[in-house]
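**Q** Structure provided below as structure tokens; questions to follow.
Computed from the coordinates by the stated procedures, all read-outs in this text should not be read as laboratory data. Just so it is clear, the structure is predicted and the values come from calculations on it, not from any experiment. Cβ coordinates were reconstructed from backbone atoms using ideal geometry, including for glycine residues, and neighbour counts include every protein chain displayed.
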Amino acid sequence: MAVTAPVALCRVLACLLLAALLGACASRAAQGGDASAAGGQDGVASYYSDRHHGGKTASGERYDRDAMTAAHRSLPFGTRVRVRDLESGREVTVRINDRGPFVKGRIIDLSRAAAEQLHLIERGVAKVRVTPLD
């Protein structure tokens, strides 16, 4: 049975689409995966500069540097997460109320208060594990 040109083209396009989807999944896994996965998500944490204090977050709230909040790219607003510094073992619990960080390799931006509890202010960034609590 001969395959017509439109059918062959559809098969090629389907294969290309499948390859693109699989590549996207592999890329996500290489970046530390999703924080909702068992065991959490490992990556680099940073914190908001004070110039953002009082500005609106993606959730509509005002950023309060003294609140225990954070920005994450995909976790739902209101999700509470434990952030553990993998070097020091210090932990902090924060609530997701913003989107970000938008710097390659970083997985969470912490409020200043949360960063202070992790002793992150002096270092600027730290390798952490983010684990959803709710």
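**Q** Count the net charge of all other residues whose Cβ sits under 15 Å from the Cβ of Ser49, scoring Lys and Arg as +1 and Asp and Glu as -1. The partial results should precede the final answer.
**A** Values: positive: Arg51, Arg65, Arg106, Arg112, Arg123; negative: Asp50, Asp64, Asp66, Asp98, Asp109, Glu116, Glu122.
Taking every Cβ under 15 Å from that of Ser49, the sum is -2.
**Q** For the range 41-132, report the translational diffusion coefficient in µm²/s to the nearest whole number, using Stokes-Einstein at 25 °C, 0.890 mPa s, and a Kirkwood Rh over Cα pairs.
**A** Working: Rh = 12.6 Å.
The calculation lands on 195 µm²/s.
**Q** Then there's this: What net charge is computed for the residues neighbouring Leu133, neighbours being all others with C-beta under 13 Å from the C-beta of Leu133, Lys and Arg scored +1, Asp and Glu -1? Display every interim value, and only then the final one.
**A** On the way: positive: Arg80, Arg82, Arg84, Arg95, Arg129; negative: Glu91, Asp134.
Once all neighbours under 13 Å are counted, the net charge is +3.
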